[in-house]
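Undergrad: Please see the structure below; I have some questions.
The values are calculated or read from the model by the stated rules, or taken from the named source; none is laboratory data. Worth saying up front: this structure is predicted, and the values here are computed from it rather than measured. Cβ placement follows ideal geometry from the backbone for every residue including glycine, while neighbour counts extend to all protein chains displayed. To get the accessible areas, we keep the full protein, side chains included, count just its heavy atoms, and leave off ligands, DNA and RNA. Shrake-Rupley method; radii C 1.70, N 1.55, O 1.52, S 1.80 Å.
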2 protein chains.
Amino acid sequence: MIERVFILGTGLLGASAGLALRAAGFNGSVIGWDKDQRQTQDALRLKAIQSIALDPFEAAQASQLILLATPVFAILDWMEQLAPVLNASHLVTDLGSTKAQITAAANRLYNQPGQAAFLPGHPMAGKEVSGAAEADGALFRGAVWIFTGDTGPPPTISPSETDIGREWRQWVQAMGCRTIDLDAGRHDELVAWVSHLPQFLATALTALLETEVGDAPELKAVGGRALREMTRLGSSPYSMWRDVAYTNTEAVSKAIQALEQRLTHLRENLRTPELREEFEIANRFRKG
Amino acid sequence: MIERVFILGTGLLGASAGLALRAAGFNGSVIGWDKDQRQTQDALRLKAIQSIALDPFEAAQASQLILLATPVFAILDWMEQLAPVLNASHLVTDLGSTKAQITAAANRLYNQPGQAAFLPGHPMAGKEVSGAAEADGALFRGAVWIFTGDTGPPPTISPSETDIGREWRQWVQAMGCRTIDLDAGRHDELVAWVSHLPQFLATALTALLETEVGDAPELKAVGGRALREMTRLGSSPYSMWRDVAYTNTEAVSKAIQALEQRLTHLRENLRTPELREEFEIANRFRKG
């Protein structure tokens, strides 16, 4: 039974998870820690956490579930630091955007007999703004929550088959998510297309527009809803996406290059029947 | 006084204009015609128009305001056909997405003493779906409505300074729009960045994703809100955008090529500090 949850990293996602867990009926205690004190204070004020940990190691030891809700490199760092102080009574999980390196570390540092279990996770939800003050208990509702554990060689213990693992999966569903299990490598390839490419594309488009029309703010209003949507992700924080770019470079690079080629093709066919073909293929995406 | 409006082309935009005009308090009659009978029937059913014209030429002659709400090439075609049958008691205006060719045709075929006036217009609003059945009387609320008339050499009459022109501009404002006057060439350059580039980019991205992950519909759900937003415009109809591509080729081509270069730059810097710079420039866009 999970009675105590420790959220390490109480920014937008961590604080939202605290709120969502409470909204789903979790009655245990939720404690939080963040290297940025403002984040824990905001999370506390919003009741996303009930108390602020003084020492993250002690808080982790005193909890059954430890939720790592930082950017990917910080998750990898905390995995190294926490593994020696935890034991088989703990489940560690995370909200990291890329999963290959985290899942490899999970099988190296956790999931062996006598060790803490580690269940790599990734809720497909977010906002273009960061910080606990923007936390939203409904953020994960209707989203897909991907798990990529359960892939290590023997005698690796499957984290999803521990009591706490099973219970955590139930809480994730209670938060309104659909859970999917994927191989970590397949996860990273897939999200390169459906999540990372849209983000880096929005960044490139928005940076370009800032360069071209940024000195005429009244013109931004001209674009209307279409422009607002296509540039919303342009506000996303570098701190999170740097780690995605570093830990999924190959797949992201491949996806961006494919888009460059597709744009070149479209540009060269602005006045040929090929343009119709591109619109027809695109039109099928929502219907499929 | 505008007592009778003729909407030529009762698709999404034309029918929405009919509804918006009514909602703004217009009490005259609104008559509609479309080459596709289903569009006029849907528009009539939704009360976007009050009656269906049997003959578009007679309907135009019998109205004070003629609103051309078709794709650009059809607008140019109707401008040619209507000019000889109209006179100084008429104002023709349009909702076309590009303005250079339409404005040139307006100064060639209209706006001379004794002729009908033509005020080129472009409401910066739309949807990714087409058809009168999707019409929305609130579509233009809060949008910018650009006019590009008033640029011809003497003895050209300024359409905005005719009584009907002045009244039409008031109705546009009554529909909840902010009106802006721009040179037609400047309009086409500007919308290439803030409207056409986002559209063609969304088409390229969506066509690419359909090619890459289209055979796995369950994976589309994984992307969540960000993916939905970035691919919504992928559903836009070719019929409208073909004319944009043809009539604003140079500016659109320039904008797409600039984006290709920006994407290449970002891709080559996924692991360098340049990535931070791109995020910081993009972050400024919404704040500016």
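Undergrad: Here are the criteria: (1) in contact with a Pro (Cβ under 9 Å, 6 or more places away or on another chain); (2) facing another protein chain (nearest Cβ under 9 Å); (3) crowded, with 24+ Cβ neighbours inside 10 Å; (4) not aliphatic (A, V, I, L, M). Tell me which single one B:Thr203 does not satisfy.
TA: Condition not satisfied by B:Thr203: (1).
Undergrad: Is there a residue in segment A:27-34 that is open to solvent by less than 10 Å² (accessible area, probe 1.4 Å) and under 27 Å from A:Asn248 (Cβ atoms)?
TA: Scanning segment A:27-34 turns up no residue that is open to solvent by less than 10 Å² (accessible area, probe 1.4 Å) and under 27 Å from A:Asn248 (Cβ atoms).
Undergrad: In addition: Regarding A:His196, is this residue modelled with pLDDT of 95 or more, surrounded by fewer than 18 Cβ atoms within 10 Å (Cβ to Cβ), more than 7 Å from every other protein chain (Cβ to nearest Cβ) and not in a loop (DSSP other than H, G, I, E, B)?
TA: Working: modelled with pLDDT of 95 or more: yes; surrounded by fewer than 18 Cβ atoms within 10 Å (Cβ to Cβ): no; more than 7 Å from every other protein chain (Cβ to nearest Cβ): yes; not in a loop (DSSP other than H, G, I, E, B): yes.
No.
Undergrad: How about segment B:43-80: which of its residues are in contact (Cβ under 8 Å) with a residue 40 or more places away in the chain, out of contact with any helix residue (DSSP H, G or I) (no Cβ under 6 Å at 6 or more places or on another chain), part of a helix (DSSP H, G or I) and closer than 16 Å to B:Val30 by Cβ?
TA: Once the filter is applied, which keeps residues that are in contact (Cβ under 8 Å) with a residue 40 or more places away in the chain, out of contact with any helix residue (DSSP H, G or I) (no Cβ under 6 Å at 6 or more places or on another chain), part of a helix (DSSP H, G or I) and closer than 16 Å to B:Val30 by Cβ, segment B:43-80 yields B:Pro56, B:Ala59.
Undergrad: List the residue pairs whose Cβ atoms are under 9 Å apart, where the first residue sits in segment A:260-280 and is more than 7 Å from chain B (Cβ to nearest Cβ) and farther than 11 Å from B:Gln257 by Cα, the second is charged (D, E, K, R) and open to solvent by 40 Å² or more (accessible area, probe 1.4 Å), and the two are 6 or more positions apart or on different chains.
TA: Going by the 9 Å Cβ cut-off, the qualifying pairs are A:Asn269/A:Glu277; A:Glu274/A:Glu268.
Undergrad: Then there is this: Of all residues in segment B:191-232, how many are touching an Asp or Glu at 6+ places or on another chain (Cβ under 7 Å) and touching a residue at least 40 places away in the same chain (Cβ under 8 Å)?
TA: Counting residues in segment B:191-232 that are touching an Asp or Glu at 6+ places or on another chain (Cβ under 7 Å) and touching a residue at least 40 places away in the same chain (Cβ under 8 Å) gives 2.
Undergrad: Quick check: anything in segment A:13-21 part of a helix (DSSP H, G or I) and either open to solvent by 60 Å² or more (accessible area, probe 1.4 Å) or among the acidic types (Asp, Glu) (or both)?
TA: We begin by selecting, within segment A:13-21, every residue part of a helix (DSSP H, G or I); these are A:13-21.
Filter once more, keeping what is either open to solvent by 60 Å² or more (accessible area, probe 1.4 Å) or among the acidic types (Asp, Glu) (or both): none.
No, every residue in segment A:13-21 fails to be part of a helix (DSSP H, G or I) and either open to solvent by 60 Å² or more (accessible area, probe 1.4 Å) or among the acidic types (Asp, Glu) (or both).
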